[in-house]
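Quick one: the structure is below, and I'll ask about it shortly.
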Amino acid sequence: MSTFTLTFAPAGAQVACSAEGSLLDAALAAGYFPQHSCRRGECNACEAKVLCGEVAYPAGFVPEGVSAHRVLTCQARALSDVTLEAPEVAATPGQRVVQSGARVLEISHLSSDVAWLRLQVPPASGFSFHPGQYVDVVLRDGSRRSYSMANAPAADGIIELHVRALPGGRFSNHVYQKVKPRDMLRIEGPFGAFRLQDTAAPLILLASGTGYAPIASMLKAHLATIAARGAVLYWGGNRLADLYAIEEIEAMQAQHPGLRFVPVLSGSDAGWTGRTGFVHEAVVQDFPGLSAHEVYACGNPLMVDAARQVFTRKHGLDEDNFFSDAFVTSLTLRPEAGPPAQPRALAN
C-alpha cells in the first residue's frame with residue numbers, strides 16, 4: 001500500500017495518507033480538524049481547494065455542486081502527495097478521534113419523539129469535544145448514527161444527546177423504547193468543525209428540530225460571550241411540542257438579555273399566536289441586511305441549504321460567516337460503477 005503526504009496550507013501541517021482511506025479520515029486520525037460535517041459526501045461542508053497533487057473518488061461516487069479544482073475531503077483519496085488549502089487547520093494537532101465505550105447514566109423523554117440521553121465516557125479514554133461537535137454511535141453491525149453533544153464540555157466525560165425517534169430508525173427507536181441506565185454504547189468522536197468563532201460579530205443562531213442540540217452546547221458553554229455579542233436564536237418546528245427545550249432557553253434569556261429567542265412554527269397548532277412559516281424566512285423578516293452578522297445553522301439539510309442561499313445571495317451575508325452542521329439522516333445511494341480500487345482520478 002502506497003503512503004503519501006497530505007499537507008494543509010497555509011499552516012503546513014502534514015499527515016500520512018493513502019488511497020485506502022479519505023483525506024479527511026487521515027487528518028482526523030492525526031488530530032487535525034479541517035472543515036467537515038456529515039462525512040458522507042452529502043453536505044459539501046468539507047469542500048477544499050486542491051493546490052497540488054492528484055486525488056480520486058471511490059467508484060460510483062459522483063459529487064454534486066463541487067467547483068473546479070476542489071474536492072470533498074470526506075470522500076477523496078490521495079493518488080500522490082497532496083496539498084489542500086485549509087486555513088482553519090492549525091500547525092499543530094489538537095483533539096484526536098477516540099473510540100470508547102459509554103455508559104448510559106440517565107434517559108428521559110423531552111417530547112413524544114425526542115429522548116434525552118446522558119452518557120459517561122471514561123475520562124481515561126482521552127475523549128473531549130468542542131461545543132457544536134458530534135459523536136457517532138457505532139452499532140453492532142458497524143453502522144453508525146451521528147448525534148451532536150447538547151451539553152457544555154465536562155472534565156468528567158459526561159455527554160448529553162438529543163435523539164429523535166425516526167420511522168424505521170434502528171437506533172433511535174431502540175433508544176426511545178428500550179435503552180435503560182447502565183446499558184453500554186460504543187461511540188467514536190468527536191467530529192465536526194461547527195463551533196463558535198472568536199470574533200465580536202452579532203449572531204443569528206438558527207435551528208430546526210433536534211438541530212437545537214449543538215446550539216444548546218454552544219449556549220451552555222459560551223452564554224455570557226454570546227449574549228455580549230448580541231444573539232437571536234430562531235428555532236423552528238412543525239408544532240409547539242417540537243420545541244422541547246423552551247423553558248431552558250427562556251431561563252438563559254432571563255439570565256442574559258443579550259440573547260433573544262424567537263420560536264417559529266411551520267404547521268398549525270391550536271392557540272399559537274407566535275411566528276409562523278419557514279424558520280429561515282423569519283430571520284430575514286427581522287434582519288433584511290445580514291452583512292454584519294455571523295449565522296450558525298443546524299438541523300434539516302434542506303433548511304440549512306435554503307438559509308445559506310437566501311442569506312448570502314439576497315441579504316448580504318458573507319459566505320465565510322455562514323457556519324452550518326446539516327443533519328443528514330440517510331446515505332444517498334449511488335450506483336456502483338466498477339470496483340473501488342481504481343476510482344475516477346481528479347487532478348488540479
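Throughout, read-outs are computed from the coordinates displayed, never taken from laboratory work. All values reported here derive from a predicted model rather than from experimental measurement. Note: ideal-geometry Cβ built from the backbone for every residue, glycine included; neighbour counts use all protein chains shown.
What is the sum of charges, Lys and Arg at +1 and Asp and Glu at -1, for the other residues whose Cβ falls under 14 Å from the Cβ of R96? Intermediate values should be presented prior to the final figure.
Working: positive: none; negative: D25, E188.
Residues close to R96 contribute a combined charge of -2.
Which order do the peptides 318-325, 99-106, 138-145 come out in when sorted by mean C-beta neighbours inside 10 angstrom, highest first? The partial results should precede the final answer.
Values: 318-325: 18.2, 99-106: 15.8, 138-145: 11.9.
Highest mean packing first, the order is 318-325, 99-106, 138-145.
Each label point is 7 Å from the Cα along the Cα-to-Cβ direction; what then is the distance between the points at S143 and F278, in nm?
It is 3.1 nm.
Among V15, S125, Q75, whose Cα lies farthest out toward the positive end of the dipole of region 1-139, if unit charges sit on the beta carbon of Lys, Arg (+1) and Asp, Glu (-1)?
With unit charges placed on the Cβ atoms, the residue in question is S125.
Now for a different question. With each label point set 7 Å from Cα along the Cα-Cβ vector, what nm distance links D320 and R40?
Those two pseudo-labels are separated by 3.1 nm.
Please state the shape class of region 108-245: rounded when a/c is under 1.5, otherwise prolate if a/b exceeds b/c and oblate if not, all from the C-alpha gyration tensor. Display every interim value, and only then the final one.
Working: a/c = 2.12, a/b = 1.30, b/c = 1.63.
Taking the square roots of the gyration eigenvalues as a ≥ b ≥ c, region 108-245 is oblate.
Next question. Which cross-chain or sequence-distant (5 or more) residues have an amide H under 5 Å from the amide H of R70, H modelled 1.01 Å from N in plane?
It is V50, by chain and number.
So, by mean Cβ neighbours within 10 angstrom, what's the order for 249-256, 280-287 with the highest one leading?
280-287, 249-256
DSSP loop trypsin sites (Lys or Arg not before Pro) in region 188-250 with at most 16 other Cβ atoms within 10 Å of their Cβ, which ones?
The qualifying sites are R239.
Please work out the C-alpha center-to-center distance from region 263-299 to region 135-203 and express it in whole Å.
26 Å
Let me ask something else. Using 0.36 nm times the number of residues separating A155 and A251, minus their current alpha carbon distance, what extension gain do you get?
Net length gain for the segment: 32.1 nm.
Here's a follow-up. Report the net charge of residues surrounding K220, where surrounding means a beta-carbon distance below 12 angstrom and charges are Lys +1, Arg +1, Asp -1, Glu -1.
Once all neighbours under 12 Å are counted, the net charge is -2.
Further question on the same structure: Where the only charges are on Cβ atoms (+1 Lys, Arg; -1 Asp, Glu), what is the dipole of the chain about its Cα centre, to the nearest 20 debye?
Rounded to the nearest 20 debye, it is 640 debye.
Mind putting a number on the dipole of region 207-278 about its Cα centre? Charges go on the C-beta only, +1 for Lys and Arg and -1 for Asp and Glu, and I need it in Debye to the nearest 20.
240 debye
Taking the simple approach of a point 7 Å from Cα along Cα-to-Cβ for both A11 and T92, what is their distance in nm?
1.1 nm
Using a ≥ b ≥ c from the Cα gyration tensor of region 203-326 (square roots of the eigenvalues), is it rounded, prolate or oblate, where a/c under 1.5 gives rounded and otherwise the larger of a/b and b/c decides, a/b for prolate?
Note, shape of region 203-326 comes out oblate.
Something else: Rounded to whole Å, give me the distance from the Cα center of region 43-76 to that of region 84-106.
Comparing the Cα centres of region 43-76 and region 84-106, I get a distance of 22 Å.
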